[in-house]
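Derivation of every value follows stated rules applied to the coordinates shown; laboratory data play no part. All values reported here derive from a predicted model rather than from experimental measurement. Here Cβ is always computed from backbone atoms with ideal geometry, including for glycine, and neighbour counts include all displayed protein chains.
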Amino acid sequence: MKLWGGRFQEDIDALVLQYTSSISFDARLAPYDVAGSIAHARMLAECGIISAAEGRQIIEGLESLASEIAAGDVTFRLDDEDIHMNIERLLTERIGPVAGKLHTGRSRNDQVALDMHLFARDAANDILDAVKELQGALFAKAEQNLDVIVPGFTHLQRAQPILFAHHLLAYVWMLDRDKARLVHLLQQIDRMPLGAGALAGTTFPIDRQMVASELAFSRLYENSLDAVSDRDYILELLFTTATIMTHLSRLSEELVLWSSEEFGWVELADRYATGSSMMPQKKNPDVPELIRGKSGRVIGHLMGLFTVVKGLPLAYNKDLQEDKEGAFDAVDTVIPALKLMAGTISTMEVRRQRLATAFARDFSNATDLADYLVRKGIPFREAHAIVGELVQLAISKGTNLTGLSLDTLQAKSSVIEEDVFTVLDPQVVVEARQSRGGTASSAVKLQLALAREACGIE
Ligand code: ARG
């Protein structure tokens, strides 16, 4: 007999049961469901809606059920549809009909809303920890490699040399915005929905504030329809995880490039790489590739839930059950991605010797030659054209700007003197960019200090 079976004369069709049931995925809400029920029962007793003895019986029953569930000693039944009815049934089996008093003044609609708030709060805190871990790994790698210069790109074409540390720190700042998004998300989650009933509130003299305090919420939903219909916080959880995955995906793409022989910037640790079943020489960056790949599903879950919610009338509709799998999967995808990325970054080796030769034949100092001409009084536009011609000339001679003789340079512009060669060295090029937020080592050291402070890095 269904818990709601009173008005039905026919048993539910097997396929309908399977289609509408959520126990296969909402079982993971069990600890939250029990915690919410304990707070609710305590409040019912406190308000005299059930007796103190009934309250105690229900709470003790729920507590021992929680340990059974945690120990894996309980099997949930498809027949009971979802986690809420499974737990009510299991409680009834243990303490008898008094269990039936637990659902007084409550509906599964506000119950599931509460469970999802509790889940989302834990998830946001776990993600926050994992983001901090990755920030720490990037920060440490930057600090250890302050003297390493790499080509910086635009359009994936060599642009200007930069410090490798500068490049890594860009991700530390991105992740810091992700942390701010998580903190904002936690504020949005911090509203307690229980007491909304099915949609309109309840006829019992409940104390919602008490339940909120018990479960560490600082605010209540002030509208019962909003309380059971709101999925904004799940959308925000998905947006935040999708943004983090997008950041990780960009970093993954860079790691795939950097670890290729064509770039040769880093070598991934053996334990963070995989081999090929056919080609004995291969060492593949599977972890970054999968992180890049899995970003798609998280972005998909965000779009999926937007589409579920956008046309729904108030208040609860069963469509809302579709909020769960995507949210769970997003959380289960982003946390290992963050941890694995932290491990990949902290164990990879920077190929310093290889990078030392990276500028032997490039033109990433061309802007600096133009800036040099500007300092000698030539308008920037004209300087740009002169250097462009010198680049063309060097390419035709199979060399770079420093490979051209002083005579050749002076033939294009008489203001060029012997000192030109000192400004074209990649090290000098990097050190010249001392503007706040620039790549000179003085600016990057300031940035490290600011990042340490802003991001709370130990
Ligand atoms: N399993 C449902 C969900 O996840 C719980 C709420 C069901 N409420 C109802 N009236 N059918 O949304």
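For the chain, which span is the longest to avoid every loop-located (per DSSP) member of chymotrypsin sites (Phe, Trp or Tyr not before Pro) having at most 16 other Cβ atoms inside 10 Å? Write down the numbers at each step before the final one.
Working: sites that count: 4, 8.
Answer from the scan: 9-458.
Would you mind working out the magnitude of the charge dipole of the chain relative to its Cα centre, with +1 at each Lys and Arg C-beta and -1 at each Asp and Glu C-beta, to the nearest 20 Debye?
Details: 46 positive and 63 negative charges, 192 e Å.
It works out to roughly 920 debye.
Excluding residue 178 itself, what net charge comes from residues whose Cβ is under 14 Å from its Cβ, given Lys and Arg +1 and Asp and Glu -1? Spell out each step's value before the answer.
Working: positive: 132, 177, 179, 181, 250; negative: 126, 129, 133, 176, 236.
Around residue 178, the charge tally is 0.
Taking 0.36 nm per residue of separation and subtracting the Cα-Cα distance, what length does fully extending residue 79 through residue 232 add? Could the numbers behind the result be given before it?
Details: separation 153, 0.36 × 153 = 55.08 nm, distance 3.04 nm.
Contour length minus Cα-Cα distance gives 52.0 nm.
Using alpha carbons only, how many degrees (0 to 90, rounded to 10) separate the axis of helix 232-258 from the longest principal axis of the chain?
Computed tilt is about 30 degrees.
Compute the acute angle (0 to 90°) between the alpha-carbon long axis of helix 286-309 and the principal axis of greatest extent of the alpha-carbon atoms of the chain; round to the nearest 10°.
Roughly 50 degrees between the two axes.
Compute the helix-to-body angle for 441-454: its Cα long axis versus the longest principal axis of the chain, expressed 0 to 90° and rounded to tens.
In the chain, helix 441-454 runs at an angle near 10 degrees to the longest axis.
Cross-link candidates for residue 339: which lysines have Cα within less than 17 Å, leaving aside residues fewer than 8 places away along the same chain?
Here the lysines satisfying the reach criterion relative to residue 339 are 132, 141, 179, 294.
Rounded to the nearest 0.05, what FRET efficiency is calculated for residue 262 and residue 18 with R0 set to 45 Å and r the Cβ-Cβ distance? Kindly include the intermediate steps, with their values, before the conclusion.
On the way: r = 52 Å, r/R0 = 1.15.
For R0 = 45 Å, the calculated efficiency reads 0.30.
Kindly provide the pair-distance distribution of the chain built from C-alpha pairs, with 10 Å bins from 0 and whole-percent values in order of increasing distance.
Percent of Cα pairs in each bin: 4, 16, 21, 18, 14, 11, 8, 5, 3, 1, 0.
When the chain is fully extended, how far beyond the present Cα-Cα distance does residue 397 get from residue 159, taking 0.36 nm per residue of separation? Don't skip to the answer; put the middle values down first.
Values: separation 238, 0.36 × 238 = 85.68 nm, distance 2.09 nm.
Separation in residues times 0.36 nm, less the Cα-Cα distance, equals 83.6 nm.
Need the list of lysines near residue 412 for cross-linking: C-alpha distance under 19 angstrom, and skip anything on the same chain fewer than eight residues off.
376, 397
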